[in-house]
Amino acid sequence: MKKMEIKTKNRNYPVIIGNSVLDLIYDLINQPGMYENLFIVVDENVFSLHEKYITNIFNETNKKIHFYKLKPGEHSKSFDGLETILSEMIEKKYGRDTLLISIGGGVTGDLSGFAASVYMRGIQVAHIPTTLLAAVDSAIGGKTGINFNNYKNILGTFYQPQFVIIDTKFISTLPKEEINSGVGELIKYAFLTNEIFYNYIYKNFDKIYSLEESVLNKIIYKSVLFKGSVISKDEFEGGLRKILNLGHTFAHAYESQTNYSLKHGEAVVMGIISALFLSYKKGLLSERRLKKFLKLPLRMKLSPEFVIRNYQSILKYMYGDKKNREGEIRFILLSGIGNLATDVKVNESDIHYAIEETVEVLS
Ligand code: ADP
Ligand code: ZN
């Protein structure tokens, strides 16, 4: 078991990582200052796979508890999904003194965080991420959100949780394609942190897929540690935090383009490949380093049907991206592992080049 503190402006909060660590929740929910009544939003699939494990642990507390089972899938991350949760909280008479606990992947965490941040002007929230993607990325850092008008995460808040428990027992039931999606964000951290972590991921790549306990624990710990350090320095994405969006300007466009049949992490890896080509084109990477850096993302098995065809429509999605200013597309580029350049302006022909090379290298 590993424990760390994430430091934010107003408050520090713990992140616990390990196998079968969910029962450590007792101490956390019984701390002074923690709200009494528990409203638990749990992904329906996670609930049916782990019902006994979850209910046994929660039933031993003598608090008011309600399990709200959330329909899996991106469409739950919507006004409708939000409305249903909020209505149930009102109906079950949950007040200001509520701790909302999310148990699920990114969809559950993002939606629950948003609901908690607006219900009665804000109640407490805690996350128990059950996907690799949520464990290494979305459950940490306090970003919440829903999709609206075909734009992903266009509405949301910054809202830090009271605690996060990453119990890798949940990950054992995760389908292969969801592991793949998590590995996408992991590859992002490999590029953002340092050569040691990059090499560790490269060397242990297959062990991640076979869910080897020590490897899983280490990669989650290192990713959370890194993300936590970024969040402490820049909670609201004024500057440094932007590096966490490496590959994401491309990725969001690729996801929209494929109508979200492409999983987020897979899109991120394709986006990182594009960002590497763009970095090379802008003179930040030599050809030798480009080839070296492409090796890690190319280890991920990406389905060939995800070849990007419509360049104009990809560009249209990119211009709609939240990270842009004054109608220009800005990119996060890389000159080495851990060396990022943010807000880089590039012209359309360079973007075109990067997309074409991505398609070619993946075909
Ligand atoms: P992400 O974290 O990638 O945003 P989602 O929240 O969309 O993922 O969840 C992806 C899928 O995985 C959903 O169908 C969800 O029900 C399922 N899921 C989440 N956690 C688990 C788990 N531990 N075991 C099995 N399936 C899970
Ligand atoms: Zn992402």
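The values are calculated or read from the model by the stated rules, or taken from the named source; none is laboratory data. Keep in mind that this is a model prediction, so the values were computed, not measured. So basically every Cβ, Gly included, is an ideal-geometry build from the backbone, and we count neighbours across all protein chains shown. Ligands, DNA and RNA are stripped out before the accessible areas are found, and what is left, the full protein with its side chains, is counted by its heavy atoms. Shrake-Rupley method; radii C 1.70, N 1.55, O 1.52, S 1.80 Å.
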Of the accessible area of segment 177-362, with the probe set at 1.4 angstrom, what percent is carbon plus sulfur? 48
Place the peptides 160-166, 171-177 in order of packing, highest mean first, counting for every residue the other Cβ atoms within 10 Å and averaging per peptide. 160-166, 171-177
What is the angle, in °, between the Cα long axis of helix 248-257 and the longest principal axis of the Cα atoms in the chain? Nearest 10 is fine, range 0 to 90. 80
Listed by chain and number, the aspartates and glutamates with an alpha carbon less than 12 angstrom from that of K242, same-chain partners under 8 positions apart left out, are D234, D343
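For the chain, count the residues as N, evaluate 2.2 N^0.38 Å, and divide the Cα radius of gyration by that value, please. If you can, show how the numbers build up before the last one.
Numbers: Rg = 20.1 Å, N = 363, 2.2 N^0.38 = 20.7 Å.
That works out to 0.97 for the chain.
Can you compute the FRET efficiency between E177 and A341 using 1/(1 + (r/R0)^6), with r the Cβ-Cβ distance and R0 = 30 Å? Round to the nearest 0.05. Display every interim value, and only then the final one.
Details: r = 32 Å, r/R0 = 1.07.
Result of the calculation: an efficiency of 0.40.
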If eta is 1.306 mPa s and T is 10 °C, what Stokes-Einstein diffusion coefficient results for segment 177-362, Kirkwood Rh from Cα pairs, in µm²/s? 96
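Would you mind getting me the FRET efficiency between T55 and K316? Use the beta-carbon distance for r and R0 = 51 Å, nearest 0.05.
On the way: r = 47 Å, r/R0 = 0.92.
It comes to 0.65.
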Taking a ≥ b ≥ c as the square roots of the eigenvalues of the Cα gyration tensor, with a/c under 1.5 meaning rounded and otherwise prolate when a/b exceeds b/c and oblate if not, segment 210-272 is oblate
If the cut-off is 16 Å between C-alpha atoms, which lysines fall inside it for K93, apart from same-chain ones fewer than 8 positions away? K63, K64
Quick check: Cα centre of segment 144-163 to Cα centre of segment 166-237, how many Å? 22
